[in-house]
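The values are calculated or read from the model by the stated rules, or taken from the named source; none is laboratory data. If you're wondering where the values come from, they're calculated on a predicted model, not measured in any experiment. We place every Cβ from the backbone using ideal geometry, glycine too, and count neighbours over all the protein chains shown.
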Amino acid sequence: MKVKWGEWGYRVFPVVILLLLRVLLDLGKIGGWGFWLGNVLLAAGWIIGWMMAEGDHLMYALVCDPSSPTCSMVRTYMSKGQWRMAWKTLEATKAERTKLPIRNMLSVLVVTGVGLWVITSSGSFLGSGVVLGLCTRLLLDLWKETDYRKWYWVFAREFSKTEHRGLTAAVAAAVAVQFLMVLR
């Protein structure tokens, strides 16, 4: 599977900017190994958090909708140890899964709130990276989605476009605050 720069650009751009800002703001600490280790842990956490968002397709296939033909095909591939085919099947059929356990507004709000708590109280660069990677990924996926109603399937009522914009702006502000707190 060939990946174009545009697909990777939005994935790595935020963490590269964050790491560059951390280097520029802490020029006096660059010589210490703790500074570099913290940045490596932050980048590793970013990758982990970014990939956690992919877990919802796998969780959906294995747990949420076992009667779906695609899900049974993925389970068959996995039982035979054909991990690559299982992943390719999940990637090719992403559009058919609409009620995902991670990609919904309730999860976004909870992860963003818990993320603020993790960054302020843990002091862990790895944990902060996981939070930033996951929150940024969910926010970017939320912005890219053309049908915003997919993100509100967990709620009993319909959300208007204005409500969606307000919630998205609040999440974007919270993610921006997370970035600023990691720069401290």
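Structure values in brief
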| item | result |
| --- | --- |
| Conditions (1) assigned by TED's automatic domain parsing to the domain that holds A172; (2) over 16 Å from L18 (Cβ atoms); (3) without any contact (Cβ under 8 Å) to a residue 40 or more places away in the chain; (4) not aliphatic (A, V, I, L, M); number of the one not met by K94 | (1) |
| Answer from E145, E158 - the residue that is within 19 Å of A172 (Cβ to Cβ) and of a type in the set (D, E, K, R) | E145 |
| From G55, G32, G28, G38, residue being under 27 Å from A176 (Cα atoms) and modelled with pLDDT under 75 | G28 |
| Filtered residues of the stretch 62-76 (kept if free of Cβ contacts under 8 Å to residues at least 12 places away in the same chain, in contact with a helix residue (DSSP H, G or I) (Cβ under 8 Å, 6 or more places away or on another chain) and not in a loop (DSSP other than H, G, I, E, B)) | C71 |
| Among (1) touching a Phe, Trp or Tyr at 6+ places or on another chain (Cβ under 9 Å); (2) hydrophobic (A, V, I, L, M, F, W, C); (3) assigned to a helix (DSSP H, G or I) - the single one A176 does not satisfy | (1) |
| Of the criteria (1) loosely packed, with under 15 Cβ neighbours inside 10 Å; (2) modelled with pLDDT under 90; (3) more than 22 Å from A61 (Cα to Cα), which one F179 fails | (1) |
| W117, sole failed condition from (1) without any contact (Cβ under 8 Å) to a residue 12 or more places away in the chain; (2) of a type in the set (A, V, I, L, M, F, W, C); (3) more than 29 Å from L132 (Cα to Cα) | (3) |
